[in-house]
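The values are calculated or read from the model by the stated rules, or taken from the named source; none is laboratory data. Note that the coordinates shown come from a computational prediction; the quantities given were computed from them, not determined experimentally. Reconstructed Cβ throughout: ideal geometry from the backbone, glycine too, with neighbour counts over all protein chains shown.
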Amino acid sequence: MSEMTSTLRILEPYPGIFAYYDGRVPGKRLHAKTANWLDDGAYSLGVASYAIVDHGEALVYDTHISLDHAKAIRTHLERLGVTTIRVVLSHWHKDHIAGNAIFSDCEIIALTLTAETLKENREKIESANPPISPLVMPTTLFDGRLELTVGTRRIELHHFAIHSADGNVVWMPDERLLLAGDTLEDTVTYISEAAEIGSHIAELARMASWPIAKILPAHGDAGADCVRRLWAGPHRCQPRLSAPHGGRNRRRSGYRSLFRVLRRGGNRLGRRALFRALRGGSCQQHRGSQSGAVALNGHCPTVTATLPTIA
């Protein structure tokens, strides 16, 4: 194990599904003492990639934050006897595609929009701190929905324009299990494209209609119960929508109140309720060095929660 992966944990939150979790280690930085996307935009939050394994096949959901992390994933899968690997990208952000080169001989599946955005931002990505160079591009593209199998397990990929316009989630209908990427984070959506918040809210309402039993997000704490906190919020509105990473005094609530509002009269009513809240609130940057992120403070349905989960 390299120094880069010295704090990496391999967990099995559901039979045959492995979480490669790293981060949230007090005082620890992996890349540099100065500001950089890896330490401040991923490792400090806690970050996980996943692998679904069955009958010698594996689907890797995101390639993690470094080549060393991706190597650790691949080594673990090969030790499990996996001989066929496919990769699915949740979206185009650096902390989800940094290990693509380790899987350059595998099929890499992504939304067409993800491939287009990666191409548009290739120069920035390859010259970032730390750089992702060369950037290995997806090989198989789709729009909307794609059905796959991993061994005998049914897998569906679905486009949800939440967090980023190219959000791509993994849905396992038989297990009612959602691998959410960054669409749900700390059981709260991190807003990276504030101008598109109306679309994000409508997409959350669509997601709320699914019969989800378990949720595995890409960021947060490896020790909490995501689903319990996601759905066990109080049946009332609280006066604040906090930043997902804005401190340790977050209420233990969840999306339940938000989804209840969205269902009560449809998306239009839900959007009105949240926009009334947001118009009365203020915006501030958060989440390390990543620009464009906002914490929205105002009166709104409760959507905050303490630390999500991989357990």
* To do: Looking for whichever is of a type outside the set (Lys, Arg), closer than 22 Å to ALA51 by Cβ, modelled with pLDDT of 90 or more and surrounded by fewer than 16 Cβ atoms within 10 Å (Cβ to Cβ) here; the options are THR114, THR149. Which one fits?
  => THR149
* Structure fact -> Inside the stretch 33-67, the number of residues satisfying the requirement of being touching a residue at least 24 places away in the same chain (Cβ under 8 Å), surrounded by fewer than 20 Cβ atoms within 10 Å (Cβ to Cβ) and either touching a Cys at 6+ places or on another chain (Cβ under 7 Å) or not polar (S, T, N, Q) (or both) is 7
* **Given (1) part of a loop (DSSP other than H, G, I, E, B); (2) more than 28 Å from ILE162 (Cβ to Cβ); (3) of a type in the set (D, E, K, R), index of the condition ARG24 fails** => (2)
* Could you give me the residue pairs with C-beta distances under 7 Å whose first residue belongs to the stretch 136-152 and is among the small types (Gly, Ala, Ser), whose second residue is surrounded by 16 or more Cβ atoms within 10 Å (Cβ to Cβ) wherever it lies, and which are 6+ apart or on separate chains? => GLY144/HIS159; GLY151/ASP54; GLY151/GLU57
* To do: Would you mind listing the helices (runs of 4 or more DSSP H) fully within the stretch 70-173 where at least 3 residues are among the β-branched types (Val, Ile, Thr)?
  => 112-120
* Asked: Are any residues in the stretch 174-190 under 12 Å from the mean Cα position of the chain (by Cα), in a loop (DSSP other than H, G, I, E, B), among the acidic types (Asp, Glu) and within 12 Å of ILE215 (Cβ to Cβ), and if so, which ones?
  -> ASP186
